[in-house]
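To keep things clear, I will list the structure first and then write my remarks on it.
A short reminder: the numbers here are calculations on the coordinates, not readings from a lab. Note that the structure is predicted; figures quoted are calculated from it, not measured. Cβ placement follows ideal geometry from the backbone for every residue including glycine, while neighbour counts extend to all protein chains displayed.
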Amino acid sequence: MSSNLERRYRRVLRLLPGWYREQWEQDMIAAFLDSWLTGDQEADEYISKAAGPSLAEIASVASLAARLYLTGPGAPRRYAWGQAIMRAVLAVTLVQATRGLDVLVQTAWSRHLFGWLPAPPASLVAATPGGPWPPAVWYLVAYAWIVAFVTLALRYYRTAQVIAALAIVPDLVQLLVGQFTGRLPAPYVGPWAFWVLLNLAPVLAMTAFHRNAPPATQGAWLLALPANYLLVAVPLVAVQAAGNSAWEPDFSGLYCLLVALACVAHAPRARSRRTDSSCVWSLTLAVLAADAGAYRIFSIGDYLHDPHLITVSMVELLILLAAAALVAPDAARALTATPAPYPHTTAA
């Protein structure tokens, strides 16, 4: 009686890896059917024809499949990719949190909340984007990215994903309104690339974080936020305050240069120690280099009117590629390294 309903669920469960289906498919099918069937023959016959996997159940199976493919047992390549993606997501979320902290600090400075500081120059007066949202929304977005990073580092993974997902909505609405009203300058590629590569992609990749994933080092990541602000944002503010903003790279260029510096700093460790952790960090930097390089390429379209800026962008891209080449061999070793033991019993 339940054969039709069972077949529909089995089709959905094909999203899962084969080794996982062999162990858990029958139990999952039984649980799914029990949630629908009532024991009444007529009612169950109708349910078997009309009912089926709900969107929530399909999304749950797809999410589980993504996690298992990334960190499945006996799969060094998947384990390494899973670890690299998690660290890359933390790094990109750190960048967003640093940007959010910079917005809040500059807003407080512009409003003279720091009585011991002189008034900021006009170039540093905080301004929020125009469009459909009031300034308060952008301040909330800045707060949201900070909270998302902190909760992610503290291993509240689903909370961080929900907060980050809400934080990217205003930017999406801003882009859609700007494109349909003509306020978004052509060719539209740069802003959309930023939203996809630095907003949407990290939120989707947070699926790799789950209770069975090896935890991140909380203290180091939490300290990275104030350190990143002091070492990156504060010098940029000082350059702007000194009236040398022409020397400041755009965000895409800054992203490329930061990843390149990280690759250069990690290169000696990648060459000498060759530990599993070093290999995974090299793969992480390779993922970040791909993300930064893609954004740099797409954002060049914003400078079609300025050959000099196109040249600068290409130089930044070449620097990134050269730096990434230093860790590429170590990143390749990460794909064949032996993974840590996987907790089979709790995966279900």
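Simple spin-label model, 7 Å along Cα-to-Cβ: Leu37 to Val189 in nm?
5.6
Expressed in nm to one decimal, what extension gain is obtained for the pair Leu223 and Ala108 from 0.36 nm per residue of sequence separation less their Cα-Cα distance? Write down the numbers at each step before the final one.
Values: separation 115, 0.36 × 115 = 41.40 nm, distance 2.22 nm.
That works out to 39.2 nm of additional length.
Once the piece of chain linking Arg7 and Val234 is laid out straight, how much longer is it, given 0.36 nm per residue of separation minus the C-alpha distance between them? Could the numbers behind the result be given before it?
Values: separation 227, 0.36 × 227 = 81.72 nm, distance 5.90 nm.
Taking Arg7 through Val234 to full extension adds about 75.8 nm, to one decimal.
Report the FRET efficiency, 1/(1 + (r/R0)^6), for Phe180 and Ala30, where r is their Cβ-Cβ distance and R0 is 45 Å, rounded to 0.05. Walk me through the numbers before you get to the answer.
Numbers: r = 49 Å, r/R0 = 1.09.
Using R0 = 45 Å, I get an efficiency of 0.40.
Pull out the extension gain between Ala290 and Ala59, defined as 0.36 nm times the separation in residues minus the alpha carbon to alpha carbon distance; nm, one decimal.
80.4 nm
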